[in-house]
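Colleague: Sharing a structure here in structure tokens format.
Computed from the coordinates by the stated procedures, all read-outs in this text should not be read as laboratory data. Note that the structure is predicted; figures quoted are calculated from it, not measured. Note that we place each Cβ from the backbone using ideal geometry, even for glycine, and neighbour counts take in every protein chain shown.
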Amino acid sequence: MQITANNPTRKSWLSVKEGCDFPIQNIPFGVFITKDDIITIGTRIGEFVIDLGAFHQLGYFNGIPLTDDMFMQDSLNDFISDGRKTWRLVRNRIADVFDAENPSLRDNTKHREVIIFDLAEVEMLLPINVGDYTDFYSSKEHATNVGVMFRGKENALMPNWLHMPVGYHGRASSIIVSGTSIRRPYGQTMPINATEPVFGPSKRVDMELETAFITTDVNNLGEPIPVDEASEYIFGMVLFNDWSARDIQKWEYVPLGPFLGKNFASTMSPWIVTMDALEPFRCESPKQELKPLPYLQPKKQNYSFDIKLQAFLETKKETSIF
């Protein structure tokens, strides 16, 4: 099925500023609560949030096999479980309805009033119920930098990293939506030149700019997914910040860490950008130095995406009283 939603020449009748991360070609998915305390699933174009529950009830998804309450829930889990065909049909239809040349919703004032919200009028919520969370060392550079931090340059990159995906299971229950306040964690640390650990608040809380994949729940327990089919089970990506208490992590890291230094909070962006929307950014994957075992050898070599990210850190200014 063609991804018509990605048409680069398409314009929306909704106002979208030049350079906005949410043009009509994006159409991400998220969950929000309105000022009337109604929780619903939605998408975003420009600075406007679209209530997909109302959109569906008013007939704009006619012809697409969806349950009546598909978008009237507090998470995207059921929608994600429906699979790629449904995701693509829904994105294509949204793009069609909000196309500058389509008058069906554009010229219906009553429908627009219940479907479209200003972004400032809603509160974004965590978009999914997280069943599991695995943190991977997904690039050689990142794995090396972390290794230097805890093991020094000589043992920075462990031998297994070149042969298989290396990761650990994190704490799914402490994943929260971006913007949520986080309490500084307490734990044991080993001060420099000390002989005994001390207990107290972390002095080295660290942020990380990462991305996370949101996957489906359709594979049965114990049944492996072939590497060339893995992309069929990935719904989309989010920005992810795996907060770290580096001083606590350093002390507990060996032999079975990380634990408390990494599980106090992980934040994810409220909007999930689908893999379909990211298709135009697909690129060739980095060349592997060693050939992995056959079960990890994909037929194609373009499973990477050219995504440019930036992070800005703003701190409160200290005020001295004399």
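Colleague: For the chain, modelled as a Gaussian network with Cα springs under 10 Å, which listed residue fluctuates most, Leu14, Leu58, Leu221?
Modeller: Leu221
Colleague: Another one. Can you tell me the equivalent ellipsoid semi-axes for region 170-282? Use √(5λ) from the Cα gyration tensor, largest first, whole Å.
Modeller: 34, 17, 12
Colleague: When 1/r is averaged over all different Cα pairs and the result inverted, which Kirkwood radius in Å belongs to region 73-209?
Modeller: Here the Kirkwood hydrodynamic radius works out to 20.7 Å.
Colleague: Please give the length that would be gained between His142 and Ser174 if that part of the chain were fully extended, namely 0.36 nm times their separation in residues minus their C-alpha to C-alpha distance (nm, one decimal).
Modeller: 9.2 nm
Colleague: If you place +1 on the Cβ of every Lys and Arg and -1 on the Cβ of every Asp and Glu, how big does the dipole about the Cα centre of the chain come out, in debye to the nearest 20?
Modeller: With Lys and Arg at +1 and Asp and Glu at -1, about 880 debye.
Colleague: Helix 140-151 versus the longest principal axis of the chain: what is the Cα-based angle in degrees, 0 to 90, to the nearest 10?
Modeller: 30 degrees
Colleague: Which shape class, rounded, prolate or oblate, goes with region 246-322 when its Cα gyration tensor gives a ≥ b ≥ c as root eigenvalues, a/c under 1.5 marks rounded, and past that a/b bigger than b/c marks prolate?
Modeller: On the way: a/c = 2.82, a/b = 1.53, b/c = 1.84.
Because a/c hits 1.5 or more and a/b fails to exceed b/c, region 246-322 counts as oblate.
Colleague: Between [x] 1.07; [y] 1.01; [z] 0.98, which entry matches Rg/Rh (Cα atoms, Kirkwood Rh) as derived from the coordinates of this structure?
Modeller: Matching the structure shown: [y].
Colleague: Ser81 to Lys299: extension gain in nm, 0.36 nm per residue of separation minus the Cα-Cα distance?
Modeller: That pair, Ser81 and Lys299, stretches by 75.9 nm at full extension.
Colleague: Additional query: Among Thr40, Thr180, which comes first, second and so on when ranked by fewest other beta-carbon atoms within 10 Å? Mind dumping the intermediate values first?
Modeller: Details: Thr40 23, Thr180 9.
Taking fewest neighbouring Cβ atoms as first place, the list is Thr180, Thr40.
Colleague: Please compute the net charge surrounding Thr144, taking Lys and Arg as +1 and Asp and Glu as -1 over other residues with Cβ under 14 Å from its Cβ.
Modeller: Overall, the nearby charge balance is 0.
Colleague: Residue by residue, what Karplus-based ³J(HN,Hα) values in Hz, rounded to whole numbers, does region 5-21 have, using 6.51, -1.76 and 1.60 with θ = phi - 60° and x for Gly and Pro?
Modeller: Working through the residues one at a time gives 5, 8, 3, x, 8, 5, 10, 9, 6, 7, 6, 10, 5, 4, x, 5, 6 Hz.
Colleague: Work out from phi, with θ = phi - 60° and the Karplus expression 6.51 cos²θ - 1.76 cosθ + 1.60, the ³J(HN,Hα) of each residue of region 174-189, listed in order in whole Hz, and give x for Gly and Pro.
Modeller: 10, 7, 10, 6, 3, x, 6, 5, 10, 8, 4, x, 9, x, 7, 9
Colleague: Next up: Working from Cα positions, state the angle (0 to 90°, nearest 10) between the long axis of helix 84-97 and the longest principal axis of the chain.
Modeller: 50 degrees
Colleague: Here is a follow-up. Cut-off is 10 Å between beta-carbons; in what order do Ser244, Ser178 appear when sorted fewest neighbours first?
Modeller: Taking fewest neighbouring Cβ atoms as first place, the list is Ser178, Ser244.
Colleague: What net charge is computed for the residues neighbouring Asn302, neighbours being all others with C-beta under 13 Å from the C-beta of Asn302, Lys and Arg scored +1, Asp and Glu -1?
Modeller: Taking every Cβ under 13 Å from that of Asn302, the sum is 0.
Colleague: Using the Cα centre as the reference, give the magnitude of the dipole from point charges on the C-beta atoms of region 4-125 (Lys, Arg: +1; Asp, Glu: -1; all else neutral), rounded to the nearest 20 debye.
Modeller: On the way: 13 positive and 19 negative charges, 122 e Å.
Roughly 580 debye, rounded to the nearest 20.
Colleague: Across region 23-31, in residue order, what do the Karplus-derived ³J(HN,Hα) couplings come to in whole Hz, using 6.51 cos²θ - 1.76 cosθ + 1.60 with θ = phi - 60° and x for Gly and Pro?
Modeller: In residue order, the calculated couplings are x, 5, 6, 7, 6, x, 10, x, 10 Hz.
Colleague: Return the FRET efficiency for the residue pair Ala194, Met164: r is the Cβ-Cβ distance, R0 is 45 Å, and the value is rounded to the nearest 0.05.
Modeller: Details: r = 37 Å, r/R0 = 0.81.
Rounded to the nearest 0.05, the efficiency is 0.75.
Colleague: By counting other Cβ atoms within 10 Å of each Cβ, how are Met207, Met275 ranked from fewest to most?
Modeller: Listing Met207, Met275 from fewest to most nearby Cβ atoms yields Met207, Met275.
Colleague: A follow-up question, please. Over every pair of different alpha-carbon atoms in region 10-103, take the mean of 1/r and invert it; report that Kirkwood radius in Å.
Modeller: 13.7 Å
Colleague: May I ask you to list the residues of region 18-35 whose amide nitrogen lies under 14 Å from a point 7 Å from Cα along the Cα→beta-carbon direction of Asp118?
Modeller: Residues 35 qualify, since their backbone N sits under 14 Å from the label point.
Colleague: Helix-only mean residue ellipticity at 222 nm, the chain, DSSP H runs n ≥ 4 weighted -39,500 (n - 2.57), per residue, nearest 500. What is it?
Modeller: Taking each H run of at least 4 residues, the total per residue is -4500 deg cm²/dmol.
Colleague: Something else now. Antiparallel as a % of all DSSP beta bridges within region 170-282, to the nearest 5? If you can, show how the numbers build up before the last one.
Modeller: Numbers: 17 of 20 bridges.
The antiparallel fraction comes to roughly 85 percent.
Colleague: Roughly what would the spin-label model give for Leu209 and Gln288, points 7 Å off Cα along C-beta, in nm?
Modeller: About 2.9 nm separates the two model spin labels.
Colleague: From the residues Gly179, Thr315, Val97, which one has its Cα farthest along the dipole of the chain in the positive direction, the dipole being from +1 and -1 charges on Cβ of Lys/Arg and Asp/Glu about the Cα centre?
Modeller: Farthest towards the positive pole: Thr315.
Colleague: Let me ask something else about it. Please give me the summed charge of the neighbours of Leu66: other residues whose Cβ is under 11 Å from its Cβ, Lys and Arg +1, Asp and Glu -1. Could the numbers behind the result be given before it?
Modeller: Working: positive: Arg93; negative: Asp68, Asp69, Asp78, Asp82.
Counting the neighbours of Leu66, the net charge comes to -3.
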